[in-house]
1. Specify the residue that is surrounded by the most Cβ atoms within 10 Å (Cβ to Cβ); the eligible residues are those in the stretch 56-74 that are out of contact with any helix residue (DSSP H, G or I) (no Cβ under 9 Å at 6 or more places or on another chain) and free of Cβ contacts under 8 Å to residues at least 40 places away in the same chain.
2. Just the residues that are within 15 Å of residue 43 (Cα to Cα) and among the aromatic types (Phe, Trp, Tyr), please, taken from the stretch 91-114.
3. Pull up the stretch 114-133, narrow it to residues that are surrounded by 10 or more Cβ atoms within 10 Å (Cβ to Cβ) and over 14 Å from residue 77 (Cα atoms), then point me to the one that is modelled with the lowest pLDDT.
4. Please pick out the residue among 94, 57 that is of a type outside the set (Phe, Trp, Tyr) and at pLDDT below 80.
5. May I ask you to verify whether residue 136 is in a loop (DSSP other than H, G, I, E, B), closer than 27 Å to residue 35 by Cα and either free of Cβ contacts under 8 Å to residues at least 40 places away in the same chain or of a type in the set (Ser, Thr, Tyr) (or both)?
6. Please list, ordered by first then second residue, the pairs with beta carbon atoms under 8 Å, 6 or more apart or interchain, first in the stretch 75-103 and within 13 Å of residue 52 (Cα to Cα), second polar (S, T, N, Q) and assigned to a helix (DSSP H, G or I).
7. Can you tell me which of (1) touching an Asp or Glu at 6+ places or on another chain (Cβ under 7 Å); (2) not in a loop (DSSP other than H, G, I, E, B) is the one residue 77 doesn't meet?
8. Tell me, yes or no, whether the stretch 112-126 has at least one residue that is over 16 Å from residue 71 (Cα atoms), among the aromatic types (Phe, Trp, Tyr) and not in a helix (DSSP H, G or I).
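The values are calculated or read from the model by the stated rules, or taken from the named source; none is laboratory data. Here the structure is a predicted model, which is why all the values come from computation and not from measurement. Cβ placement follows ideal geometry from the backbone for every residue including glycine, while neighbour counts extend to all protein chains displayed.
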Amino acid sequence: MKNWIKWLVTATLIAITAAAVTYNTLPVNRINHHSLLIILGDLDGDSTWSQSDEERLKSLLSNFFLGNRKQVWILDVYFDGSVDEEDIHFLHFLHSLHRSGDPYVALAEARAAGKSFPRPREFFRNISREEYLSRPI
């Protein structure tokens, strides 16, 4: 009877040791990578497209230097360091987004009208929190 208990204790200790060694030697992601989801055209930071975004977009386009660095960075759609005609052309798609609030509804409306419209996934960007964001010119 005592041999049976010794074998059970020994087997349990071996199993616990093997589990601990396996757990501590498995590769894990030791570098934490945090990112921000940027919604292009969401200028007020409420994670939706609304009329207040439309108003801020108009004021930023009329006087580019009034916006803070993050707002101006969101306007740089192609990430080339400047807000130029290509970015402004893309931002005009945001007018229909601000009306509907849903990129899929805006896409369906544009297709029904026979107009081109970007895929909804193109309105979202992930950026690293550690990345320095220089203000576009």
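1. This residue is 74.
2. 93
3. Within the stretch 114-133, the match that is modelled with the lowest pLDDT is 128.
4. After applying the criteria, what remains is 94.
5. No.
6. 98/51
7. (2)
8. Yes; the residues of the stretch 112-126 include at least one that is over 16 Å from residue 71 (Cα atoms), among the aromatic types (Phe, Trp, Tyr) and not in a helix (DSSP H, G or I).
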